[in-house]
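Student: Quick one: structure below, then a few questions.
Please treat every number below as a calculation from the coordinates, not as lab data. Keep in mind the model is a prediction, meaning the values are calculated, not measured. Positions of Cβ are backbone-derived with ideal geometry, glycine not excepted, and every protein chain shown enters the neighbour counts.
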Amino acid sequence: MNKAPSLFIGHGSPMNAIDDNAYTRSLHQLGGSFEKPKAIVVISAHWLSAGTWVTHMKHPRTIHDFYGFPEKLYGIQYTAPGSPITADLIQSLSDDPKIQLDDQSWGLDHGTWSVLTHLYPKADIPVVQLSIDMSEPPEFHFGIGEKLKALRAQGIMILGSGNIVHNLRQIKWEPDSKPHAWCVEFDEWVKSKLVAQDYNALMNDYLQSTAGQLSVPTPDHYLPMLYVLGASDSSDQLHFEFEGLQNGSISMRSFSLGL
């Protein structure tokens with residue numbers, strides 16, 4: 001196979017799983033634009049753990065980890081198989097940190113299936129999730145991404161699902177609301193650093209401005225991007241698959257590396 005890409009997808013509201021908008025249509029188009037991967041490793045903003053874990057079950061459950069949304073969302077079942085073989089391979093790539101196997105506690109949360117339901121609606125590609133240890137600094141997460149890079153040569157896609165800007169305290173309930181100025185500023189700052197391949201700035205300087213502090217009040221939605229960058233090569237072509245802002249304080253910026 002050709003080398004699989006490394007993707008970062010902004011997932012935003014769970015409603016994007018069932019909405020038809022420019023963002024979701026871009027995901028449908030993206031899913032058909034490159035060779036079908038053998039498996040997908042997802043780093044979702046919604047699996048936070050002590051230590052680093054990877055799902056190891058053959059049939060991961062669909063997790064509806066949100067409240068107060070329409071009943072239709074709770075009926076979604078993303079029935080992609082798991083891949084214990086891929087999980088074992090991931091574990092073998094890292095002695096420090098040790099990556100632990102999860103056979104029953106997690107599954108596929110909405111950071112994963114709300115994206116994959118558009119990328120691969122047939123749910124016919126094996127999926128594993130890798131957790132985020134929030135006690136560790138940015139360099140740690142980038143470093144795990146560097147270890148995952150080897151999977152791409154085997155046709156296994158790396159997918160980070162989060163949001164570059166994610167501030168729910170400043171949210172506006174209309175999806176097409178005018179974005180806050182700081183949201184626009186930080187989203188553009190990250191774009192410029194991605195274009196320049198200045199990953200050190202993205203790891204170390206993202207909280208140096210007021211815009212950064214407002215855009216990343218907690219790092220859970222930002223960190224998945226660092227895994228994607230760590231799994232990239234300097235020769236990978238960067239392509240912004242979607243650029244846009246929702247609800248005033250959420251960046252939906254999504255990009256691919258290696259297509």
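Student: For segment 197-217, name all the residues that are within 16 Å of Asn167 (Cα to Cα), touching a residue at least 24 places away in the same chain (Cβ under 8 Å) and polar (S, T, N, Q).
Tutor: Ser209, Thr210, Ser215
Student: On the basis of being within 18 Å of Ser44 (Cα to Cα), of a type in the set (A, V, I, L, M), assigned to a helix (DSSP H, G or I) and under 16 Å from the mean Cα position of the chain (by Cα), does Leu148 make the cut? Spell out how you get there, then give the answer.
Tutor: On the way: within 18 Å of Ser44 (Cα to Cα): yes; of a type in the set (A, V, I, L, M): yes; assigned to a helix (DSSP H, G or I): yes; under 16 Å from the mean Cα position of the chain (by Cα): yes.
It is true that Leu148 is within 18 Å of Ser44 (Cα to Cα), of a type in the set (A, V, I, L, M), assigned to a helix (DSSP H, G or I) and under 16 Å from the mean Cα position of the chain (by Cα).
Student: Filter segment 21-50 down to the residues that are farther than 30 Å from Glu136 by Cβ and among the polar types (S, T, N, Q) and list them by number.
Tutor: Asn21, Thr24, Ser26, Gln29, Ser33
Student: Something else about it: Quickly run through segment 225-246 and pick out the residues that are in contact with a Phe, Trp or Tyr (Cβ under 7 Å, 6 or more places away or on another chain) and either β-branched (Val, Ile, Thr) or under 30 Å from Glu174 (Cβ atoms) (or both).
Tutor: If we filter segment 225-246 for residues that are in contact with a Phe, Trp or Tyr (Cβ under 7 Å, 6 or more places away or on another chain), which is where we start, we get 225-226, 228-230, 238-242, 244.
Met225, Val228, His239, Phe240, Glu241, Phe242, Gly244, listed by residue number.
Student: Out of segment 1-28, which residues are out of contact with any Phe, Trp or Tyr (no Cβ under 9 Å at 6 or more places or on another chain) and either of a type in the set (D, E, K, R) or exposed (fewer than 13 other Cβ atoms within 10 Å of the Cβ) (or both)? Talk me through it step by step, then tell me what you get.
Tutor: Applying the first criterion (out of contact with any Phe, Trp or Tyr (no Cβ under 9 Å at 6 or more places or on another chain)) to segment 1-28 yields 1, 3, 11, 18-21, 24-25, 28.
Once the filter is applied, which keeps residues that are out of contact with any Phe, Trp or Tyr (no Cβ under 9 Å at 6 or more places or on another chain) and either of a type in the set (D, E, K, R) or exposed (fewer than 13 other Cβ atoms within 10 Å of the Cβ) (or both), segment 1-28 yields Met1, Lys3, Asp19, Asp20, Arg25.
Student: Return the residue satisfying two criteria in turn: it lies in segment 194-212 and is of a type in the set (A, V, I, L, M) and in a helix (DSSP H, G or I), and of such residues it is surrounded by the fewest Cβ atoms within 10 Å (Cβ to Cβ).
Tutor: Taking segment 194-212 first, the residues of a type in the set (A, V, I, L, M) are 194-196, 201-203, 207, 211.
Cutting the leftovers down to in a helix (DSSP H, G or I) gives us 194-195, 201-203, 211.
On the way: Leu194: 21, Val195: 10, Ala201: 16, Leu202: 21, Met203: 20, Ala211: 21.
Among residues in segment 194-212 that are of a type in the set (A, V, I, L, M) and in a helix (DSSP H, G or I), the one surrounded by the fewest Cβ atoms within 10 Å (Cβ to Cβ) is Val195.
Student: Does Asp65 fit the bill of being more than 18 Å from His110 (Cβ to Cβ) and assigned to a loop (DSSP other than H, G, I, E, B)?
Tutor: Considered against the rule, which asks whether it is more than 18 Å from His110 (Cβ to Cβ) and assigned to a loop (DSSP other than H, G, I, E, B), Asp65 comes out as no.
Student: Could you check segment 233-246 and list, in sequence order, the residues that are in contact (Cβ under 8 Å) with a residue 60 or more places away in the chain, surrounded by fewer than 23 Cβ atoms within 10 Å (Cβ to Cβ) and either out of contact with any strand residue (DSSP E or B) (no Cβ under 6 Å at 6 or more places or on another chain) or not in a strand (DSSP E or B) (or both)?
Tutor: Asp233, Asp236, Gly244
Student: Related question: If I go through segment 154-193 residue by residue, how many of them are under 19 Å from the mean Cα position of the chain (by Cα), surrounded by fewer than 21 Cβ atoms within 10 Å (Cβ to Cβ) and touching a residue at least 40 places away in the same chain (Cβ under 8 Å)?
Tutor: Number satisfying all stated conditions: 3.
Student: I'm trying to understand the selection: among the residues of segment 1-16, which are out of contact with any strand residue (DSSP E or B) (no Cβ under 6 Å at 6 or more places or on another chain) and either part of a loop (DSSP other than H, G, I, E, B) or of a type in the set (A, V, I, L, M, F, W, C) (or both)? So that I can check it myself, show each step before the final result.
Tutor: First, the residues of segment 1-16 that are out of contact with any strand residue (DSSP E or B) (no Cβ under 6 Å at 6 or more places or on another chain): 1-3, 13-16.
Matches in segment 1-16: Met1, Asn2, Lys3, Ser13, Met15.
Student: For segment 71-120, name all the residues that are over 30 Å from Ala153 (Cα atoms) and touching a residue at least 40 places away in the same chain (Cβ under 8 Å).
Tutor: Lys72, Leu73, Ile76, listed by residue number.
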